[in-house]
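The values are calculated or read from the model by the stated rules, or taken from the named source; none is laboratory data. Remember, predicted model here, so these are calculated numbers, not experimental data. Glycine gets a Cβ as well: all are built from the backbone with ideal geometry, and neighbour counts include every protein chain shown.
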Amino acid sequence: MVDRDREGAGMSGGVESGLELVVVVNNVSSPQRLIDFAKMVYGLINLKSSLVFTRVSGMAAQTGVPEVSKYLFRLGKPLLILPTPQDVIDLLKPDKVLVLAKTEVSKDIEEVASDLKGKVALVVNGGDTPPSKTELSLGDHVMVGELDPSTPPQATLAIALYVIAKKRTRKNI
């Protein structure tokens, strides 16, 4: 996994032990997808997480950002919007960066979930196209092994978050 310096500001404070997950959703153009991703990220109550959107475009930028901001403000949850996933890495300085993508070198999320600790950025492509080479170069690749690569990103992220939450819960028992 890609190690990063722990210096820098975090969105929801540092975690002495355990896992702080920063979900980075890149390349979203649908307002509904913004809201769906927000509900997924903050829907798992036993997972300390924060949400960052990058490369938001089209109607998502015009109408989705205000709607998801209002929704998360009401919940008291953080939201950060940045130009690129690299900006997230530079600003939040995660210990590890994982890219949710099915590639030849991807490890199954089941294999790595229980070993995650510190601040981990999980980058997911929020669009309908495969992740770019730039996106893939950000960190280690993880996948949900049983899913076809054409599975919508919302479903893939939901399953990955569930696996991480379950593995973390079992590890802490």
Quick check on region 132-142. Is at least one of its residues outside any loop (DSSP other than H, G, I, E, B), of a type in the set (Ser, Thr, Tyr) and either touching a Leu at 6+ places or on another chain (Cβ under 9 Å) or surrounded by fewer than 21 Cβ atoms within 10 Å (Cβ to Cβ) (or both)? yes
Given (1) within 20 Å of ALA155 (Cβ to Cβ); (2) surrounded by fewer than 15 Cβ atoms within 10 Å (Cβ to Cβ); (3) at pLDDT 95 or above, where does ASN27 come up short, assuming only one miss? (2)
Being of a type in the set (Asp, Glu) and modelled with pLDDT of 95 or more narrows it down to one of ASP3, ASP87, so name that one. ASP87
Lone qualifier among ALA38, ALA61 - being over 16 Å from LEU122 (Cβ atoms), part of a helix (DSSP H, G or I) and of a type in the set (Gly, Ala, Ser): ALA61
Among ALA113, ALA101, ALA155, which is closer than 15 Å to LYS48 by Cα and among the small types (Gly, Ala, Ser)? ALA113
Out of curiosity, is PHE73 over 27 Å from LYS167 (Cα atoms), part of a helix (DSSP H, G or I), of a type outside the set (S, T, N, Q) and in contact with a strand residue (DSSP E or B) (Cβ under 9 Å, 6 or more places away or on another chain)? yes
If LEU92 satisfies every condition in (1) closer than 19 Å to PHE37 by Cβ; (2) touching a helix residue (DSSP H, G or I) at 6+ places or on another chain (Cβ under 9 Å) but one, which is the exception? (2)
Any chance ASP128 is acidic (Asp, Glu) and in contact (Cβ under 8 Å) with a residue 40 or more places away in the chain: no
Scanning region 90-125 for residues that are small (Gly, Ala, Ser) and part of a strand (DSSP E or B), which turns out surrounded by the fewest Cβ atoms within 10 Å (Cβ to Cβ)? GLY118
